[in-house]
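Everything on this sheet refers to the single structure shown next.
Every number in this text was worked out from the coordinates using simple rules, so none of it is lab data. On a predicted model such as this, the values are computed, not experimentally measured, just so you know. We place every Cβ from the backbone using ideal geometry, glycine too, and count neighbours over all the protein chains shown.
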Amino acid sequence: MAIDVYGEADPHYVQCDLDQWTCIETGTSTPNLFPEFTEKQYILSKDRQLALVSEGYGATQQYDLYTLEAGDVTKKTIDFIGETKRAIFSDDNTKILFVTLYGEFVVFNIQTNSAIKSIPIVGGASFIRFSPHGNYVAYFSPSTLSGKDRVYTLVDVARGHTYTWKEKNDYWDLLSEEEKAFDFSPDERHFFYLSDREGTQTLYMTRLWLLDGINGRLGKRMFKSDFTVNNFLFGADGLLYFTANRKSPLIWSLYSYDFRDQLVRGLVDDVLYWPAPQQSGKYIIFLRSKNELPSLYTFDITKRSVASLPLTITASPFPLGAGKIKNFSGRYGVLYTPDGYDKKKSYPLIVWLHGGPHRQTSPSFHSYHSYGTYDGILEHLRKNGFLVLKLDYRGSYGYGKKFATDLKGNVGNLDVKDVVDATAVLKKEMKIGEVYPMGTSYGGYLALRALAGKPTLFDGAISVNGVTDWWTLINNDPDSIFQVHFNGTPSAKNKVLYDQASIFLRLNNLKNKKVILVNGEEDATVPHRQTTMLYDALIDKGMAPTIISYEKEGHILTNSANIDDLCNQVVKLPTGYEGKVCVQASTL
């Protein structure tokens, strides 16, 4: 198996042999597990015993099926010709599901070397799942700004029945950001899917043997409690394994569900929810971090035990300080204090704001390497005498649908309120000096908007690749998903919402504030102009912001020298900290 883990700057890939209990680092490129297929398009079966290799292009595209047994590779040409988007093996290696460019699924029997069923695709087809024995197909069509319904479809291939049900959604479809939406039990008796129709993203289950061909919404909710479920899969033991934040919104754990006693059992905490756990033989493989660089772990389903894989990567050990989870009236964050913290002394505070906004902070290294880089910067700031609060605000992930969708019509209002309220609480509890909100992408916008909205509370702001003017951004990109927050593209009807979010209407509040504007010159997500036009506007008003443009950087900073430089710029902001230096901030 191969999986990506934290590296020096970019994610590194690791190839593991679980039988030999060994792992080797293969660098920043995806490892080629099958050299015989170099420069060919191929798809592997789940057990990696079969490979489907495509030859040619267009209507004459052909496919060869390779059987990959130890020391022996056999090949046969299968009796199917046509242009496809993808192909999926059934888990038992008896069938292949072809997804054609012409709006249909073709179910192909490997043993008879023939197509046995053609199924029209209705609407879009995301999260396609082919059942373990190839008797069912499930797919998903997300809601859009113009179409407010998300659509689930389950096809009973053998009986020829199609079940379709819809769910209303007037926000962007948050489920579309997940790794998967469907799965089937190994015996095909149960069907599972994710939904947030009751406010919490959780699992629903349908008993397939009871389906009678009548259309209607399928499934009953599996868990009554309001925790978020994201990744789920079946182990070789037939149990359902899933990651969820059942204990706390910020603590993700691996759980199992046993159909025999219908009990949920916690297996291990501090699990990263991305990349998704994988199943290989008797193991469930996942990444885990408890204040250290994320490492590969396994859960042995036979011994019911957790063990770390013997993995050595080039990145140096880089433990984080222990953070304390704080609950600010339902808005969670993680507070870090400097080494040797003395409650009688005053310290500057960094309020870290993630991007998204449908993302989440983490009490350890973040599941996304791009955010983990900032975790490293924040740790260096902590070591240099800063208090650090990593805060989740309205719109964040892991708190249910309402918490996310409350941001609609409230950009520059509720998100700012969350930052202001949490900062005010900390200032009552601790001795705090200068305060600087800092964030990336949407968090970069929010850092600036919080400063503009409450200048008496903050001394400056640091925005990394942040939006500075929503009106301009969405006017230039009318298809932007962010228009959902403003009830559409800019117009006289919704001008009040854009004005509410505006930084430019509040420029005078940035007077005498320390503002750092950072952007990657090749950022294709938030254009470079978003940074420069705010810088120019502040200069025109006689202010002195700092602008930093990093060459050959996109929306995500990856160059270690630039990461070091950003940390060094921030650490010197507070009065009396001018001589501070961040050392080796690019350890990640």
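Can you report the principal axis dimensions of segment 34-121 using only the alpha carbons, biggest first, rounded to whole angstrom?
For segment 34-121, the Cα extents along the three principal axes come out at 40, 27, 19 Å.
What angle, in degrees between 0 and 90 and rounded to the nearest 10, separates the Cα long axis of helix 560-571 from the longest principal axis of the Cα atoms of the chain?
Helix 560-571 and the main axis of the chain meet at about 40 degrees.
Extending each Cα 7 Å along its Cβ direction at GLU292 and GLU69, get the distance between those two points in nm, one decimal.
The answer from the label model is 4.3 nm.
Just going by the charge dipole of the chain, with Lys and Arg at +1 and Asp and Glu at -1 on Cβ, which of TYR139, LEU309, HIS366 is farthest out on the positive end?
The listed residue farthest towards the positive side: HIS366.
Using only Cα atoms, tell me the angle between helix 414-429 and the longest principal axis of the chain; keep it within 0 to 90° and round to the nearest 10.
Rounded to the nearest ten degrees, it is 60.
Considering lysine pairs in segment 34-121 that are 8 or more places apart or on different chains, how many have Cα atoms under 21 Å apart?
The number of close lysine pairs in segment 34-121 is 12.
Can you tell me the length gained on complete extension of the stretch SER480 to LYS46, counting 0.36 nm per residue apart and subtracting the Cα distance?
In short, 152.6 nm is gained.
Among TYR66, TYR42, GLY103, flag the residue with its Cα farthest along the positive direction of the charge dipole of segment 34-121, charges on Cβ as +1 for Lys/Arg and -1 for Asp/Glu.
GLY103
What trypsin sites (Lys or Arg not before Pro) in segment 439-514 are in a loop by DSSP, with at most 15 other Cβ atoms within 10 Å of the Cβ?
Sites meeting the loop and neighbour criteria: LYS493, LYS511.
Once both axes come from the Cα atoms, what is the angle between helix 442-453 and the longest principal axis of the chain, in degrees from 0 to 90, rounded to 10?
Compared with the principal axis, the helix lies near 30 degrees.
Quote to one decimal, in nm, the extra length available between ASN93 and SER118 on full extension: 0.36 nm per residue of separation minus the C-alpha distance between them.
Additional length available on full extension: 7.1 nm.
So which trypsin sites (Lys or Arg not before Pro) in segment 172-255 pass both tests, a DSSP loop state and at most 13 other Cβ atoms within 10 Å of the Cβ?
Qualifying residues, ordered by number: ARG189, LYS224.
Hey, with R₀ at 25 Å, roughly what FRET efficiency would ARG304 and ILE325 work out to, going by the Cβ-Cβ distance, to 0.05?
0.35
Determine the alpha carbon to alpha carbon distance for each of LYS343/LYS428; LYS247/LYS417; LYS513/LYS572 and list only those over 18 Å.
Beyond 18 Å: LYS247/LYS417.
Take the Cα of THR575, step 7 Å along the line toward its Cβ, and report every residue of segment 435-450 whose backbone nitrogen sits under 16 Å from that point.
435-436
With +1 on each Lys and Arg Cβ and -1 on each Asp and Glu Cβ, and nothing else charged, work out how big the dipole of the chain is about its Cα centre, in Debye to the nearest 20.
Around 2480 debye, computed over the chain.
Could you give the size of the charge dipole of segment 439-541 about its Cα centre, using +1 on the Cβ of each K and R and -1 on the Cβ of each D and E, expressed in debye and rounded to the nearest 20?
Here the size comes out at about 560 debye.
Given R₀ = 35 Å, what would the calculated FRET efficiency be for GLU521 paired with ARG86, taking r from the Cβ atoms and rounding to 0.05?
My answer for the efficiency is 0.50.
Please go through segment 87-129 and write out the chymotrypsin sites (Phe, Trp or Tyr not before Pro) that DSSP classes as loop and that have at most 15 other C-beta atoms within 10 Å.
Sites meeting the loop and neighbour criteria: TYR102.
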